[in-house]
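A.B. asks: Structure provided below as structure tokens; questions to follow.
The values are calculated or read from the model by the stated rules, or taken from the named source; none is laboratory data. Everything numeric in this text was worked out from a predicted model, so none of it was measured. As a convention, Cβ positions derive from the backbone with ideal geometry for all residues, glycine included, and neighbour counts pool all protein chains shown.
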Amino acid sequence: DSGVTQTPKHLITATGQRVTLRCSPRSGDLSVYWYQQSLDQGLQFLIQYYNGEERAKGNILERFSAQQFPDLHSELNLSSLELGDSALYFCASSVDGGANYGYTFGSGTRLTVV
Amino acid sequence: GESVGLHLPTLSVQEGDNSIINCAYSNSASDYFIWYKQESGKGPQFIIDIRSNMDKRQGQRVTVLLNKTVKHLSLQIAATQPGDSAVYFCAENAGGTSYGKLTFGQGTILTVHP
């Protein structure tokens, strides 16, 4: 157990729907990161939050949004889902706002859009 | 139908051999590099890191070499074991306004035969 908790582990939904993925960071970590891992794109950075504020943004689609709450957990919202959004979505956390000492990944949420 | 996806490099070794996994990185401004191991069904797991002011760093059974001139990173695993079988990713961070963003390489599949 890495200490980063992601729920749900698996999600199957239809095109056009909206889903919310949840992440609880390791105790004491202030940053949360979201990554998408797909067969054709590999691991892609989506967004980083630090202590409730957006810190860095990758090529995140406008249909996707995220937030970090006062208790530091984070949610990634995916809307108007398309078949191509099927992927593994990983959350990671780190103690500060940088990548120092790497960061710790959760076990991911596997999203299947049908 | 045929699936389209990344064609990851593969490395197949015998148990007890030394393994070398290579990675070319893209951003000359990157100053921090990490190797991750990803086993099936799990999130990436931190192995070792190195900063750009170093050219070599050793851990337990692993060594990372950095050649900034040619933007090349390698991971050496000594006395490879079946439990080392996984996908290995290099990742780079440019610091500054990139904050904690990591850019991942495509990955290398390592298979260790008993």
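Here's the yes/no breakdown for (1) within 7 Å of another protein chain (Cβ to nearest Cβ); (2) over 26 Å from B:Ile47 (Cβ atoms); (3) modelled with pLDDT of 95 or more; (4) in contact with a helix residue (DSSP H, G or I) (Cβ under 7 Å, 6 or more places away or on another chain):
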residue	(1), (2), (3), (4)
A:Gln41	no, no, no, no
A:Leu46	no, no, yes, no
A:Pro70	no, yes, yes, no
A:His73	no, yes, yes, no
A:Glu82	no, yes, yes, no
A:Ala92	no, no, yes, no
A:Gly98	yes, no, no, no
A:Thr112	no, yes, yes, no
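A.B. asks: Looking at segment A:48-68 only, could you name the residues that are farther than 21 Å from A:Pro8 by Cα, of a type in the set (D, E, K, R) and away from chain B (no Cβ under 14 Å)?
C.D. replies: Hit for segment A:48-68 is A:Glu62, nothing else.
A.B. asks: Additional query: Restricting to segment A:90-114, give me the number of residues that are of a type outside the set (Val, Ile, Thr), more than 11 Å from the chain's Cα centre (by Cα) and within 22 Å of A:Arg55 (Cβ to Cβ).
C.D. replies: So the count comes out to 9.
A.B. asks: Still on this structure, please answer the following. Within the set of pairs 6 or more residues apart or between chains, which connect a residue that is free of Cβ contacts under 8 Å to residues at least 40 places away in the same chain inside segment A:49-73 to a residue that is part of a strand (DSSP E or B) and charged (D, E, K, R) with Cβ atoms less than 7 Å apart?
C.D. replies: Close Cβ pairs satisfying both conditions: A:Tyr49/A:Arg55; A:Ala66/A:Glu75; A:Gln67/A:Glu75.
A.B. asks: Related question: Where in segment B:59-114 are there strands (runs of 3 or more DSSP E), lying fully within it, with 1 or more residues that are aromatic (Phe, Trp, Tyr) and touching a residue at least 60 places away in the same chain (Cβ under 8 Å)?
C.D. replies: In segment B:59-114, the matching strands (runs of 3 or more DSSP E) lie at B:86-93.
A.B. asks: In segment A:42-114, which strands (runs of 3 or more DSSP E) lie fully inside it and hold 1 or more residues that are of a type in the set (Ser, Thr, Tyr)?
C.D. replies: A:42-50, A:64-68, A:74-78, A:87-94, A:109-113
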